[in-house]
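Student: Structure below; questions to follow.
The values are calculated or read from the model by the stated rules, or taken from the named source; none is laboratory data. Everything quoted here is computed from the prediction, not taken from an experiment. Note: ideal-geometry Cβ built from the backbone for every residue, glycine included; neighbour counts use all protein chains shown. Please note that ligands, DNA and RNA were not included when accessible areas were found on the heavy atoms of the full protein model with its side chains. Shrake-Rupley method; radii C 1.70, N 1.55, O 1.52, S 1.80 Å.
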Amino acid sequence: MAEYVEKNQTEEEEGFFNFKTLFQIFMLNWQFVLLSVLFFLGCGFVYLRYATPVYTASMKVLIKDGDSPRTRSINGYAMDRLGMMTNSSGFDNELEILTSTGLANRVVKNLKLYVTYVQEGRISKREIYKGSPIVVDFEEGRIDELEYPINLTISKEGEGIHVAGNMFLPIEEDVEEIQEQEYTIDKTLDSLPATIPTPVGTLLLSKNYGIPVSERDLHVTIYPLDYVSAKYAYSITAAPTSKMTTVAQISIKDNLPSRCVDYLNALSQAYNDDANEDKNEIAIKTEEFIDERIDIIKQELDQTEFDMENFKKRNELINLANDATTALNASTNFQQKQVEMQTELLLVKSLVDYMKHPANATEVIPANLGLSNQAVTAQIGEYNNLVLTRARLVKSSSETNPMVARIDDQMAQLWPAIRRSVESVYEDLKQKKKGVDSQYSTYLGRVKDSPKMEHTFNNIARQQEIKAGLYLTLLQKREENYIALASTARKGKIIDKPLLHGKVSPKSSIVLLACLVIGFGLPIAILYLLTLMRYRIEGRNDIERLTKLHILADIPVDTTLTPGDRGICVRENRNNTMEESFRGLRANIDFILEGDEKVIMCTSCIPGEGKTFVASNLAMSLAFLKKKVLLVGLDIRKPQLVKLFGLPADKRGITNFLAADESDFDLLEKQIYPSVGHEYLDVLAAGIIPPNPAELISRANLETAIDYFRKKYDYIILDTPPVGLVSDSLMMGRVSDMVLFVARADYSPKANFSFINELVADKKLPKVNLVLNGLDLHKKKYGYYYGYKNYGGYGYGYGYTRYGHYGMYGEYSGDNEGKASTEK
């Protein structure tokens, strides 16, 4: 029998999912699946109708390089970047600034996004942007101090409005614990604008003219600035469009499409304003320094001119002729050099004094003062660049940033170097000045004969010329600084205006597809799990998954039988489904039996599966072929044939022959009921129930009787007890040619087939085959499996009826010792 079975065959061997079963579940329950799909699709449409949508918008911004020619100052000196220094140490830093909470804080303030408006609707609420009939704001300068949200509900009340709301106030009970106290707002306003004072600031309410006040409530919430800024900073993404450009793709996600576009525009403006403020910091510091020096030089120049005026008055001089001598010309040339060097010396001295103050170490150094030493000028420019870069990083992060610490180290190294360079330049100028003074004294000695008056006059004129030259230089630098401030260019240039890309969440196609999948898959999954959890077989498919044994027939239920009817359902010359089922069974048996094989044992695993019913109707169907058939009742523990065929209770049966000491065939013939229900059908009942059924079955009289019957009958059907409860059937296998295991739909446990597989694998029974009994084709599942209801000629007159007479399994416990009763 190895070809019919694989040992330990279970459902798990075919995997958890059986697509054939899933398809059958769908076909049997398609109406329920359709209702589930329609329900979940309806839920999806409702969700899409009332879910808060999320939109996205983006723009492209060119981040300009601070070293490009377009950002240079118009002056011609080496320090030509006055007021135009870049605030970025790299393109990545600029992207971080664009997504920082500090910049978002500035945008939120400008657009007043810390106030949200929600209007009551018929079913749900909707958020309003730029369309609220009442505008609510918070006291200027106090929004930064707000720690908890303020919730307001504004409703129309006659000609005025009623404002109700609440907020929480932090109360410091002690140093370690901070508690909250609720503050309630309840006020009626007759007209707008109006104010409502609160412990944390004043609420400002005004009317948005052109938009009427609705009868529905308006919910207003004022959030802390840091919370809103963090929210928008999180919703912003900035990324380069490619590795070869400094163009940033900036995107935002928000519930309202118009707010997305407004935020991107405001972000670009705030970024440029923030960058320009950093760029102009050097120019502002330089302006302060130049203004201070102009005031001092102006006072000194006024004093020099006043001294010259007094000198001329005292000496009554109108015009002094200058001696055109070589000595005087030479002294004049060196005198001019003295003026130039003295001017530069004063500028350097002022710069030395500025750098001696420790408080200026973190400030920018005044630049573009016309120093002739290019190395010092370059060092000052590099230091100012580091100061600005540090300020930008501190603004977007904190002073603990590793980049800030690195810049601090560079500044600490560069500051003393610049100071030493400036002092060195100052000392060098002093030495050069001494040489010029020496030359000047030499030529001045040549004009000793010149009047002392002219000498004094020249000294005063020289001082006046020095002061005037310095004054004009400072005025020129101030104008250049003003031009640099006025010509500051934008750091970021919008090359693609903010463009709305539409709704990104929830995506209608994905939601509806998910609802369709859930609506289709959920009921099938539930039904499939219920199928997996059932421990009884339902039909042929279950048996085919549990064993490799052949199923010779599917016997339906006969719903036409009444409680008083006997269980013989097969009738001659009828073509109902029941007759066809047993005709198919007997045809399959003829294919299996070979040669002189005649004995067919009919058994089951547990009581109530219909083995007696199948054996009796099979015997009747074989008799219709005009074959001599004997039905033997070997279920001597629980006999049923007498009742089934309505035989007289005269104590005849096979147990009388089995209990005899000698094989008396005349006695055996007397135990047979001839022509029961049909002229070719004989019945040998069980007879008296013995106290030792197992011992009787194991006696040689059984083989003798069967051998005798083989010579007399064409077919011998053995009705045996359930093999799963007692060992009688296993002992009867020695006289059988084939075994029919009867399983009943919706009754037989699936675990029985493991036992059957073991019996076949161990070759304890010959030619084991299966018969599936008790199929109720009125049920939809069987109608789909077998399709009988589509064949009108068969009708519903099927076979198996009420065969649960074995009762509880305990009745096969063998507790029949000492009893001697007959079949009834």
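Listed here are the residues, each with its yes/no results for (1) touching a residue at least 12 places away in the same chain (Cβ under 8 Å); (2) touching a strand residue (DSSP E or B) at 6+ places or on another chain (Cβ under 7 Å); (3) under 28 Å from ALA623 (Cα atoms).
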{"position": "CYS515", "(1), (2), (3)": "yes, no, no"}
{"position": "ILE526", "(1), (2), (3)": "no, no, no"}
{"position": "THR531", "(1), (2), (3)": "yes, no, no"}
{"position": "ILE537", "(1), (2), (3)": "yes, yes, no"}
{"position": "GLU572", "(1), (2), (3)": "yes, no, yes"}
{"position": "ARG586", "(1), (2), (3)": "yes, no, yes"}
{"position": "LEU593", "(1), (2), (3)": "yes, yes, yes"}
{"position": "VAL599", "(1), (2), (3)": "yes, yes, yes"}
{"position": "SER604", "(1), (2), (3)": "yes, yes, yes"}
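Student: Right, something else. Could you please find all residues in segment 696-745 being part of a strand (DSSP E or B) and of a type in the set (Lys, Arg)?
Tutor: Residues of segment 696-745 that are part of a strand (DSSP E or B), as a first pass: 715-719, 738-744.
Correct list: ARG744 only.
Student: Would you pick out the residues in segment 188-218 that are assigned to a strand (DSSP E or B), within 16 Å of GLU127 (Cα to Cα) and either in contact with a Pro (Cβ under 6 Å, 6 or more places away or on another chain) or open to solvent by 20 Å² or more (accessible area, probe 1.4 Å) (or both)? It would help to see each step written out before you state the result.
Tutor: Step one: filter segment 188-218 for residues assigned to a strand (DSSP E or B), giving 188-189, 194-198, 201-207, 218.
Of the ones still in play, those that are also within 16 Å of GLU127 (Cα to Cα) are 218.
None; the set is empty.
Student: Same structure, new question: Just for segment 129-154: of the residues that are of a type in the set (S, T, N, Q) and assigned to a strand (DSSP E or B), which one is farthest from ASN166 (Cα to Cα)?
Tutor: Residues of segment 129-154 of a type in the set (S, T, N, Q): 132, 151, 153.
Filter once more, so that each one left must be assigned to a strand (DSSP E or B): 151, 153.
Working: ASN151: 6, THR153: 9 Å.
Only one residue tops the list, namely THR153.
Student: Mind listing whichever residues of segment 219-237 are open to solvent by less than 10 Å² (accessible area, probe 1.4 Å) and touching a Pro at 6+ places or on another chain (Cβ under 7 Å)?
Tutor: ILE222
Student: Determine whether GLU399 is surrounded by fewer than 18 Cβ atoms within 10 Å (Cβ to Cβ), of a type outside the set (S, T, N, Q), out of contact with any Lys or Arg (no Cβ under 8 Å at 6 or more places or on another chain) and modelled with pLDDT under 80. Steps first, answer last, please.
Tutor: Working: surrounded by fewer than 18 Cβ atoms within 10 Å (Cβ to Cβ): yes; of a type outside the set (S, T, N, Q): yes; out of contact with any Lys or Arg (no Cβ under 8 Å at 6 or more places or on another chain): yes; modelled with pLDDT under 80: yes.
Considered against the rule, which asks whether it is surrounded by fewer than 18 Cβ atoms within 10 Å (Cβ to Cβ), of a type outside the set (S, T, N, Q), out of contact with any Lys or Arg (no Cβ under 8 Å at 6 or more places or on another chain) and modelled with pLDDT under 80, GLU399 comes out as yes.
Student: In segment 305-346, which residue that is part of a helix (DSSP H, G or I), of a type in the set (A, V, I, L, M, F, W, C) and closer than 14 Å to HIS455 by Cα is modelled with the highest pLDDT? Show your work before the answer.
Tutor: We begin by selecting, within segment 305-346, every residue part of a helix (DSSP H, G or I); these are 305-315, 326-346.
From what's left, of a type in the set (A, V, I, L, M, F, W, C): 306, 308, 311, 327-328, 330, 334, 339, 341, 345-346.
Then drop every residue that is not closer than 14 Å to HIS455 by Cα, which leaves 308, 311, 327-328.
Details: MET308: 76, PHE311: 71, ALA327: 59, LEU328: 68.
So the residue we want is MET308.
Student: Quick check on segment 40-50. Is at least one of its residues among the aliphatic types (A, V, I, L, M), modelled with pLDDT under 90 and under 29 Å from TYR234 (Cα atoms)?
Tutor: Taking every residue of segment 40-50 in turn, at least one turns out to be among the aliphatic types (A, V, I, L, M), modelled with pLDDT under 90 and under 29 Å from TYR234 (Cα atoms).
Student: Is it the case that some residue within segment 406-426 is in contact with a helix residue (DSSP H, G or I) (Cβ under 6 Å, 6 or more places away or on another chain) and within 28 Å of ALA270 (Cα to Cα)?
Tutor: There is at least one residue in segment 406-426 that is in contact with a helix residue (DSSP H, G or I) (Cβ under 6 Å, 6 or more places away or on another chain) and within 28 Å of ALA270 (Cα to Cα).
Student: Restricting to segment 218-258, and then to whatever is charged (D, E, K, R) and over 23 Å from the mean Cα position of the chain (by Cα), can you tell me which residue is farthest from GLY165 (Cα to Cα)? Steps first, answer last, please.
Tutor: Residues of segment 218-258 that are charged (D, E, K, R), as a first pass: 226, 231, 243, 253-254.
From the residues that got through so far, the ones that are over 23 Å from the mean Cα position of the chain (by Cα) too are 226, 243.
Details: ASP226: 22, LYS243: 52 Å.
Ranking the qualifying residues of segment 218-258, first place goes to LYS243.
Student: If you don't mind, there's one more thing I want to ask. Return the pairs, sorted by first residue and then second, in which the second residue is in a helix (DSSP H, G or I), the first residue lies in segment 104-129 and is at pLDDT below 85, the beta carbons are less than 7 Å apart, and the residues are 6+ apart or on different chains.
Tutor: As it stands, the answer is ILE123/TYR50; SER124/TYR50, since those pairs meet every condition given.
Student: Next question, about the same structure. Taking only segment 99-127 into account, find how many residues are open to solvent by less than 20 Å² (accessible area, probe 1.4 Å) and part of a strand (DSSP E or B).
Tutor: If we filter segment 99-127 for residues that are open to solvent by less than 20 Å² (accessible area, probe 1.4 Å), which is where we start, we get 100, 103-104, 107-108, 113-115, 119.
Of the ones still in play, those that are also part of a strand (DSSP E or B) are 115, 119.
Result for segment 99-127: 2.
Student: Among the residues of segment 528-539, count how many are at pLDDT below 85 and within 23 Å of VAL557 (Cβ to Cβ). Please lay out each step first, then the result.
Tutor: We begin by selecting, within segment 528-539, every residue at pLDDT below 85; these are 528-535, 538-539.
Narrowing the set further to residues that are within 23 Å of VAL557 (Cβ to Cβ) leaves 530-531, 534-535, 538-539.
Qualifying residue count, segment 528-539: 6.
Student: If you don't mind, another one. Could you please find all residues in segment 396-429 being assigned to a loop (DSSP other than H, G, I, E, B) and of a type outside the set (Ser, Thr, Tyr)? Even if it seems obvious, please write down each step before you answer.
Tutor: The initial filter retains those residues of segment 396-429 that are assigned to a loop (DSSP other than H, G, I, E, B), namely 397-401.
Result: GLU399, ASN401.
Student: Within segment 237-265, work out how many residues are within 18 Å of LEU95 (Cβ to Cβ) and of a type outside the set (Phe, Trp, Tyr).
Tutor: Applying the first criterion (within 18 Å of LEU95 (Cβ to Cβ)) to segment 237-265 yields 237-253, 263-264.
Adding the requirement that they be of a type outside the set (Phe, Trp, Tyr) leaves 237-253, 264.
Going through segment 237-265 one residue at a time, the tally reaches 18.
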